[in-house]
Structure formats: structure tokens, C-alpha cells
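Engineer: Let me give you the structure first, and then I'll get to my questions.
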Amino acid sequence: MRLDSVRELKQSLPAQLNKAFAVRAAAGRTTSLAVASAASLQREAPSYFLGVSARGKKNYRLAVRLQDRALQKSDLVDQIAVRAKGEVDVRYVGRIRARATPWYRSKQRPLLIGSSTGFLASGFIMAGTLGCFVRSGSSSALYILSNNHVLADENRYPKGGSIIQSGGLDGGSPTADRVAKLTRFVRLDPAETNLVDCAIAKLNSAIQADLRKLRGIGTLAGQRSDDLEVGDVVHKVGRTTGVRHGRVTAFELDGVAVEYDIGIVSFDDQIEIEGSGTRSFSDAGDSGSLIVDDQMRAAALLFAGGDHGGSNGKGLTYANPIAAVLKALKVKLA
Amino acid sequence: MPISLEQARAAKESAKALLADLPGVVGVGITKVGEDYALKVNLRAPLPAGKAVPERIGDVPVRVEVVGRITKRG
């Protein structure tokens with residue numbers, strides 16, 4: 001068939017078919033239109049869509065895509081085939097749904113490590129990752145730990161400013177999804193050597209948290225006491241790439257020059273990680289993820305990365321040693 | 001005798017001074033090459049012709065990698 005013939009058929013067919021088949025679909029209906037019966041009627045109605053497919057360069061056919069198996073040997077499809085003079089490409093494709101949002105980009109109550117979070121940005125929306133939960137001094141109050149650039153907008157967010165879960169980029173509501181308030185952060189300073197990109201936000205009293213679960217990895221088992229070494233296997237769960245596994249490629253890395261909105265910020269004593277297999281260890285939005293070692297002990301806080309390098313060519317990820325983060329914020333793991 | 005962590009740490013300090021004039025160095029750290037501790041020098045882009053990172057600093061091997069731009073992951 002010529003392309004314009006297929007297009008014309010595609011345009012005119014639905015109206016003709018609807019006339020022929022709507023009557024039958026309605027005929028089975030006996031009672032009034034309650035919500036449930038309306039839904040079941042919808043299921044009974046013919047469910048298909050039309051398009052154009054091609055076999056070779058100029059041989060076009062009418063594409064018929066069925067969302068209901070019962071239609072495969074139906075009068076509807078026969079009628080379509082007749083009108084298209086047999087030049088049809090009929091396939092059952094089933095129901096098509098929008099791809100489900102993964103849990104780490106969704107609202108989580110109790111709050112979960114690895115889920116989407118962030119400050120309330122004005123004029124744009126953002127999301128980073130909830131790293132873990134910490135306590136300050138002898139108080140039992142709980143705080144979210146993540147990066148300065150996730151909770152404090154690179155020094156620019158006011159203390160007491162609201163933190164939402166999920167982050168605005170993931171549909172978190174500026175009112176209903178407030179879970180914490182920015183408490184303190186370590187300043188990022190483009191003019192000095194930095195050690196950490198971190199901040200804490202105090203949980204609102206009504207918000208519950210699952211303190212140790214890293215969904216898809218295991219249960220957090222405290223803090224690693226010795227430094228990470230080259231070759232150590234590590235894991236993280238974060239807002240963008242979910243669970244990823246990796247391997248330490250370098251440590252005590254100085255002069256790590258990281259691009260921020262406020263300029264290039266240089267970090268000393270950082271850890272470098274490559275992803276396992278054919279994947280990267282992280283991507284944009286995974287900032288703030290807690291990195292654990294092979295024994296589920298907290299080892300580092302993810303904050304930066306690039307798209308080049310690593311033995312699989314998928315880029316390298318940079319992280320602050322967790323001991324430096326906890327020390328700088330004067331907090332302990334909850 | 002494999003290169004020790006202490007030797008690599010000492011070499012890192014001299015490397016930082018040595019590399020200060022090179023463009024696009026975005027990190028100098030410690031890695032391993034076989035049993036030896038070694039230096040890792042990360043570059044944003046390949047060095048221009050005529051510029052190079054030494055293959056060893058003292059006895060300590062140096063591994064150079066082009067890692068591209070490093071950005072916050074937020």
C-alpha cells in the first residue's frame with residue numbers, strides 16, 4: 001500500500017468501526033451506570049489502536065495493535081483486514097502503562113535511606129539522596145544526613161529551611177512532603193581546600209524513619225573503623241541509579257576539582273570508586289548516598305562524579321570518608 | 001620489596017608540587033599497581049603536546065587517567 005492510502009485508512013476506520021461495534025458493546029449492559037459497571041464496560045469495549053508499519057521501503061501496511069487478546073480472532077480485526085485489503089500487520093501488545101516509578105524516587109514513610117530528598121528550590125526543582133540518619137550529642141533527636149548541595153543549596157539555603165521527601169523533581173510537595181528542617185552544614189568554599197560536602201536536617205517529630213534499612217542491599221551495621229583500601233567492594237542505593245556495586249580505585253585523593261553552581265570547589269582526602277560490571281557507580285541525583293562496605297558498615301558519603309574513566313569506561317564516583325563527615329558535623333550514626 | 005603506603009604518601013607530596021604547573025589536574029591520590037602502592041593522577045583532558053606526567057616519582061609508579069569533568073552528583 002502507498003503511505004497516503006494507509007494514512008487515509010487509519011483516519012477513516014475508527015469512526016466506521018466504532019459505529020459497528022459500539023452498539024454491541026452497549027448491548028450487554030443492563031443496569032444503570034455505577035462506577036464499577038462503567039469500569040467493566042470499558043474492559044469489554046474494543047481496545048486497539050492503529051498506526052502505520054512498513055515492509056521494505058515503499059510497502060506500507062496498516063498497523064493494528066491489540067490490547068485485548070480476545071480481539072485477535074474477532075469480527076473487528078476481520079473488518080479492519082477487509083477494509084485494508086489484507087494489508088495489515090496485527091499484533092497483540094497488551095496493556096501499556098507508564099513505567100512504574102522506582103521506590104527510591106517515590107514518597108517513603110517511614111523515611112528510607114537511599115530515597116529522594118532535597119531543599120525547596122525557587123524557580124527550579126531538584127532531588128538528591130537521603131544518606132542516612134544521625135544523632136547529635138546526647139539528644140535522641142534524629143537528623144537526615146546528606147550533602148550540603150542536597151540539603152543546603154551550596155550554602156545558600158537558610159537554616160530552618162524545609163527539606164522534602166521525595167525531592168521536588170520527583171513530585172515531592174512543598175507543603176505536604178516536608179519532613180525535616182536544615183540544621184547545619186559545612187560551608188563549601190571555592191577559595192579553600194575542602195574535606196566534605198555535608199549537611200544535616202532535623203526530622204519533624206511526626207515523621208517516622210527506618211534507621212538502618214538499605215532496601216535492596218541489607219541492614220546498616222554501624223561504622224567502618226579503618227579506611228577504605230584500593231580494591232574494596234562497596235555498595236550504595238541512591239535516588240537516580242538505585243542499588244549499584246563498585247570497587248575503590250584510589251584513596252587519599254587530593255585536589256579533586258568539582259564543578260558546582262558556586263564555582264570549582266577543591267577537595268582533599270577523597271575516595272574514588274568505579275562501578276562493577278558494565279555500569280557506573282552513580283549518576284546525577286545520587287548525591288548524598290551512603291556508601292557501605294562488604295560488611296554493611298557505613299564507609300563514605302557520595303557527592304561527585306564524572307562520565308569518563310574507570311576500567312569499564314563508565315566514569316568514576318567521588319566520596320567523602322564517613323568519619324570525616326561525622327566529625328565535621330559533630331554527629332553519630334543513629 | 002613492594003612500594004609501601006608511606007613511600008606513596010611521601011611521593012604524593014612531591015608530585016603535587018611537581019604537577020602544580022600542569023593544566024587540568026583534577027586529583028592526585030593513592031592507588032595500587034599489583035602489590036605496589038602507586039600514585040594516581042587524574043586529568044580533565046589529555047595533556048597538550050610537550051607536557052607529561054613522570055612515569056615514576058622516586059621508586060613510586062604513577063598511573064595517569066583522563067577522568068573528564070567532575071561535577072556534583074546532586
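The values are calculated or read from the model by the stated rules, or taken from the named source; none is laboratory data. Given the structure is predicted, the values throughout are model-derived calculations rather than measurements. Quick reminder, even Gly has a Cβ in these numbers, built from the backbone with ideal geometry, and neighbours come from all protein chains shown. Accessible surface is based on the protein model in full, side chains and every heavy atom, while ligands, DNA and RNA are left aside. Shrake-Rupley method; radii C 1.70, N 1.55, O 1.52, S 1.80 Å.
Engineer: Name the residues whose placed amide hydrogens come within less than 5 Å of the amide hydrogen of A:Val243, ignoring near sequence neighbours (fewer than 5 apart) on the same chain.
Structural biologist: A:Gly238
Engineer: Mind checking the mean number of beta-carbon atoms from other chains within 10 Å of the Cβ atoms in A:245-256?
Structural biologist: Mean inter-chain Cβ contacts per residue within 10 Å come to 6.
Engineer: Taking beta carbons within 10 Å but only from partner chains, what does the mean come to for residues B:24-36?
Structural biologist: What the average comes to for B:24-36 is 6.
Engineer: Another one. For the range A:222-334, what class follows from the C-alpha gyration tensor (a ≥ b ≥ c being the square roots of its eigenvalues): rounded when a/c is under 1.5, otherwise prolate if a/b is larger than b/c, else oblate?
Structural biologist: rounded
Engineer: Kindly compute the accessible surface that chains B and A hide from a 1.4 Å probe when together, both sides summed, and give it to the nearest 100 Å².
Structural biologist: So the total buried area for this chain pair works out to about 2400 Å².
Engineer: Also: What is the range A:180-260 by shape, rounded, prolate or oblate, if you read a ≥ b ≥ c off the alpha carbon gyration tensor as root eigenvalues and call it rounded for a/c under 1.5, prolate for a/b larger than b/c, and oblate otherwise? Mind showing how you got there, number by number?
Structural biologist: On the way: a/c = 2.00, a/b = 1.10, b/c = 1.82.
Oblate shape, in that a/c is at least 1.5 and b/c is the bigger or equal ratio.
Engineer: Follow-up question, since we're still on this one. Please state the shape class of the range A:214-264: rounded when a/c is under 1.5, otherwise prolate if a/b exceeds b/c and oblate if not, all from the C-alpha gyration tensor.
Structural biologist: Oblate, since a/c reaches 1.5 and b/c is not below a/b.
Engineer: What is the angle, in °, between the Cα long axis of helix B:5-19 and the longest principal axis of the Cα atoms in chain B? Nearest 10 is fine, range 0 to 90.
Structural biologist: Its long axis makes an angle of about 40 degrees.
Engineer: Now for a separate question. Pick from A:Arg279, A:Arg55, A:Arg105: which is most flexible by mean-square fluctuation in a GNM of chain A where alpha carbon atoms under 10 Å apart are linked?
Structural biologist: A:Arg55
Engineer: Which of the aspartates and glutamates could a cross-linker bridge to A:Lys213, judged by Cα under 20 Å and excluding same-chain residues fewer than eight apart?
Structural biologist: Filter leaves A:Asp286, A:Asp293, A:Asp294.
Engineer: Here is a follow-up. For the protein assembly as shown, what is the accessible area per residue in Å², given a 1.4 Å probe and the full set of protein chains?
Structural biologist: On the way: 19660 Å² over 408 residues.
I get 48 Å² per residue for the protein assembly as shown.
Engineer: By average Cβ neighbour count within 10 Å, what is the ranking of A:201-209, B:32-40 from highest down?
Structural biologist: Ranking the peptides A:201-209, B:32-40 by packing returns B:32-40, A:201-209.
Engineer: Checking the table A:Lys181/A:Lys327; A:Lys159/A:Lys236; B:Lys12/B:Lys40; A:Lys181/A:Lys236; A:Lys159/A:Lys202; A:Lys202/A:Lys330 against a 18 Å threshold on Cα-Cα, which pairs fail? Display every interim value, and only then the final one.
Structural biologist: Values: A:Lys181/A:Lys327 21 Å; A:Lys159/A:Lys236 28 Å; B:Lys12/B:Lys40 9 Å; A:Lys181/A:Lys236 25 Å; A:Lys159/A:Lys202 11 Å; A:Lys202/A:Lys330 14 Å.
Going by Cα-Cα distance, A:Lys181/A:Lys327; A:Lys159/A:Lys236; A:Lys181/A:Lys236 fall outside the 18 Å limit.
Engineer: Here's another thing I want to ask about it. In straight Cα distance, which lysines are under 22 Å from A:Lys57, not counting same-chain residues fewer than 8 positions off?
Structural biologist: By straight Cα distance, A:Lys57 reaches A:Lys10, A:Lys85.
Engineer: While we're here: Which of these, A:Val93, A:Val234, A:Val258, has the largest mean-square fluctuation under a Gaussian network model of chain A (Cα springs below 10 Å)?
Structural biologist: Of A:Val93, A:Val234, A:Val258, the most mobile in the Gaussian network model is A:Val93.
Engineer: At a 1.4 Å probe, which residues in the range A:125-145 are at least 20 Å² less accessible with all protein chains present than in their chain isolated?
Structural biologist: The answer is none - no residue of the range A:125-145 has its exposure fall by at least 20 Å² when every protein chain is included.
Engineer: Compute, for chain A, the length of the dipole vector about the Cα centre, with Cβ point charges of +1 (Lys, Arg) and -1 (Asp, Glu) only. Units Debye, rounded to 20.
Structural biologist: Values: 45 positive and 33 negative charges, 481 e Å.
The dipole magnitude comes to about 2320 debye.
Engineer: Quick check on chain B: helices-only [θ] at 222 nm, where DSSP H runs of length 4 and up contribute -39,500 (n - 2.57) each and the sum goes over total residues. Nearest 500, please.
Structural biologist: -6500 deg cm²/dmol
Engineer: Return the average number of partner chain Cβ atoms within 10 angstrom of each residue Cβ along peptide A:312-321.
Structural biologist: Per-residue shielding by partner chains comes out at 2.
Engineer: At a 1.4 Å probe radius, which order do A:Leu195, B:Leu5 fall into by accessible area, largest first?
Structural biologist: Highest to lowest solvent-accessible surface, that is A:Leu195, B:Leu5.
Engineer: Relative contact order of chain A, please, whole-number percent, based on alpha carbon pairs below 8 angstrom and at least 6 residues apart.
Structural biologist: 14 percent
Engineer: Could I ask something else about it? Filter chain A for me: DSSP H helices, axial length by Cα at least 27 angstrom, mean Kyte-Doolittle hydropathy not below -1.0. List them by residue number.
Structural biologist: Details: long enough: A:3-27 (37 Å, -0.01).
Result, helices passing both filters: A:3-27.
Engineer: Please list, in chain and number order, the residues 5+ apart from A:Gly172 or on another chain whose amide H is under 5 Å from its amide H, with Hs placed from the backbone.
Structural biologist: Close amide H contacts, sequence-distant or interchain: A:Ser166, A:Gly167.
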